[in-house]
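Visitor: Take a look at this one; I'll ask things after.
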Amino acid sequence: MVFTWRSFVKFAPLLSLLLLTSLGITGCASYGAGIQGALTKAEQGDYAGSEAIITSSLTPDGNDRLLYHLELGVLKHLQGDYAASNDLLERAAQISESLDTISVSNSFYTLMTNPRQGPYGGADYEKVLINYYKALNYFGLAQLALTRNERLDAIEGARIEARRLIIRLNDLKTRLGTYQQASDAKEQTFNQLMRIFELLLGNWVNNDDFLYRDDALAHYLSGLSFEMNGEYDDARISYQTAATSYGTGYAKQFRLADGMEEQAWFDTVRMMRTAGGYDNEWRQLAKKHLSKVRQNELNTLDGKAQLIVIEHKGLVSQRKEMSLELSVNPNLKSLNIRPYFIGYEADQLAWFWLLYADKSVYQLVTAYLNAVRNNELRLFTKTVALGPLYREAENIGLTQAVGNSMRITVPYYSPPQILGSTRLSSDGASWTMLEAASPEQMAVQEQIVRSGKDIQLALARSALKAITAASIGNGDSSGFLAFAGKLAAQLTDAAETRSWLLLPANIRVSRVFLEPGEHQVSLDSDIKNGQHYRDSKRFTLKPGDIELWQVRSMAASTGSTAVPTPETNTAKPPQRTVSDGAAEPAPTNDDKAIVSEKKPTRSLPSKE
């Protein structure tokens, strides 16, 4: 290709237009970068400021309309405006459902141009969390209600959301199978042989292990709503379903610490005892699934009240974009893909090597034969062998259009965050909050499952753009039009980086039984980077009450409710720590690093 000054002057306006268009389309590097200010405000506890940024960055009727309603729904929830949050989330559910039936032609056009220029429809786990948050909103409305009828109406709303959750989760199980079915399938000889050959071929990641097939916490929350409504048998079924899900694969898949499976079995047995008629069954389940300590605890519950604490901890990680270089190797009749080795991050290389790079014996030999100058072994390379299709690729102009280098993009995640423990204390006793769910793991694993499809779409997108750009310049002897078209195609290529970013990274639960009366309950959450979040609340409990306390803890910047640990802030006196199972005096106001201002607590109706 030879450029002359005359050809440059001739096509300069077109090139300028392509560059401006490209910059306008790509905009922010990712969805997360576009709303980073809102995330920072939320971490600081400035939910109104975060809301202002979301409403100025997203629109209620654009391609990000689902995310507009999801992000605002969480912010309204955090502000205690539960009715407004439910309105936004209900609208989000309607949008998601309508996008599930989007026309195939529109969807194909978006996938072949730029996925971020089409509507975002949400992942399965995000759709489940819509109903999860709506149920929590109804619990919040019940606590703010001024009359008994208002409280009962709110609890009924939570019950309805629980039914919707069950319907959605049953649909997931129908499509993807249960954890038990997946486990049984692995034991079949044919599947074991298939997995062996997949490993030999370099397919180290078994996508079936990362499918979001159920949500144990959603079942557990459904049980809570049924119990509050006095439907003890339905509560038993939901608690037992949660326990089974935690035990057969959910906890292992999402890297949750032990605890919630036994808690769910404990509540299953409780409901059997409360409902009556299960004398033999509950004793057998208790002996099989509960420790001696928990079995003995069953006999100490009469006359007590329940406090359920749900902590939404941290923020989910952002999905980011990785640029890869696509080239043609005529000697091997293949397409080669590798990361750009300038400006890369270690996380990008790790993601590429795990999910894309050649790892089978044949592929490693191919990488050796495909080495660059100075005998550098290209281990971070994916080879797409075209074989007999190479001639067809030449005929349609693909190999010429791609040439020595063309940029493609795929989404990726950095490794999941590591968050610390959370302790709950009251009246000289303390409890460790149990890991109940991990939206962070759900997001990363969803992307792992999609990675194969993402690389295929990236290749198809780039191939189509390259061929189109080449065809535009066929009548131009200088080759300038083809160059400009290829440049625009590369600059406008973007991976799908959108996701619901105001979700917590981790959800923890603690359920404690307290004597009727006044209780000061404190929470101390070890987040990350040496930061703690501390909160405290006073409860007035009556026999049989079921009280819910929702806490949002985030690693925040200066001026927020998160404070450094004593080791990183020697200006403050050392804070006392509590070992697992140890008791200490209930903290006084002087002991509390942070005490959030709460509205007076109103108890939920007793179901005697």
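Visitor: Answer yes or no as to whether residue 211 is within 18 Å of residue 309 (Cβ to Cβ), in contact (Cβ under 8 Å) with a residue 60 or more places away in the chain and hydrophobic (A, V, I, L, M, F, W, C).
Guide: For residue 211, the condition - within 18 Å of residue 309 (Cβ to Cβ), in contact (Cβ under 8 Å) with a residue 60 or more places away in the chain and hydrophobic (A, V, I, L, M, F, W, C) - is not met.
Visitor: Within the bounds of the range 518-537, is there any residue that is at pLDDT below 95, buried (at least 19 other Cβ atoms within 10 Å of the Cβ), among the aliphatic types (A, V, I, L, M) and part of a helix (DSSP H, G or I)?
Guide: Checked the range 518-537: no residue is at pLDDT below 95, buried (at least 19 other Cβ atoms within 10 Å of the Cβ), among the aliphatic types (A, V, I, L, M) and part of a helix (DSSP H, G or I).
Visitor: A further question on this structure: Quick check: anything in the range 454-469 modelled with pLDDT of 85 or more, part of a strand (DSSP E or B) and either out of contact with any helix residue (DSSP H, G or I) (no Cβ under 7 Å at 6 or more places or on another chain) or not charged (D, E, K, R) (or both)?
Guide: No, the conditions are met nowhere in the range 454-469.
Visitor: When you go through 249, 230 one by one, which is the residue that is open to solvent by 10 Å² or more (accessible area, probe 1.4 Å) and assigned to a loop (DSSP other than H, G, I, E, B)?
Guide: Residue meeting the stated conditions: 230.
Visitor: How about the range 382-397: which of its residues are of a type in the set (A, V, I, L, M) and over 37 Å from the mean Cα position of the chain (by Cα)?
Guide: 389, 393, 396
Visitor: Hey, another quick one. Which one is farthest from residue 409 (Cα to Cα), of the residues in the range 41-62 that are buried (at least 17 other Cβ atoms within 10 Å of the Cβ) and polar (S, T, N, Q)?
Guide: This residue is 44.
Visitor: Answer yes or no as to whether residue 303 is assigned to a loop (DSSP other than H, G, I, E, B), closer than 30 Å to residue 263 by Cβ and in contact with a Pro (Cβ under 8 Å, 6 or more places away or on another chain).
Guide: So residue 303 passes the test.
Visitor: A further question on this structure: Please enumerate the residues belonging to the range 256-273 that are modelled with pLDDT of 95 or more and either open to solvent by 40 Å² or more (accessible area, probe 1.4 Å) or among the β-branched types (Val, Ile, Thr) (or both).
Guide: Within the range 256-273, 261, 262, 268, 269, 273 qualify.
Visitor: I would also like to ask the following. Is there any pair with a first residue in the range 443-463 that is more than 17 Å from residue 416 (Cα to Cα) and a second that is open to solvent by 10 Å² or more (accessible area, probe 1.4 Å) and assigned to a helix (DSSP H, G or I) whose Cβ atoms are under 7 Å apart and which are 6 or more apart or on different chains, and what are they?
Guide: Note: pairs meeting the criteria are 457/111; 460/112; 461/112; 463/398.
Visitor: Got a sec? Which of 332, 285 is surrounded by fewer than 19 Cβ atoms within 10 Å (Cβ to Cβ) and part of a helix (DSSP H, G or I)?
Guide: When all the criteria are applied, what remains is 285.
Visitor: Can you tell me which residue among 346, 235 is more than 21 Å from residue 430 (Cα to Cα) and open to solvent by less than 20 Å² (accessible area, probe 1.4 Å)?
Guide: 235
Visitor: Given the residues 21, 55, which is the only one that is on the phi < 0 side of the Ramachandran plot, modelled with pLDDT under 95 and over 21 Å from the mean Cα position of the chain (by Cα)? Show your work before the answer.
Guide: Working: 55 fails: modelled with pLDDT under 95.
Answer to the check: 21.
Visitor: Which fully enclosed helices (runs of 4 or more DSSP H) of the range 126-214 have 2 or more residues being modelled with pLDDT of 60 or more?
Guide: Result: 148-176, 179-186.
Visitor: Same structure again: Restricting the search to the range 405-441, which residues are in a loop (DSSP other than H, G, I, E, B) and of a type in the set (A, V, I, L, M, F, W, C)?
Guide: Result: 418, 419, 433.
The values are calculated or read from the model by the stated rules, or taken from the named source; none is laboratory data. Predicted model only: the values in this text are computed from it and were never measured. Positions of Cβ are backbone-derived with ideal geometry, glycine not excepted, and every protein chain shown enters the neighbour counts. Ligands, DNA and RNA are excluded from the accessible area calculation, which covers all protein heavy atoms including side chains. Shrake-Rupley method; radii C 1.70, N 1.55, O 1.52, S 1.80 Å.
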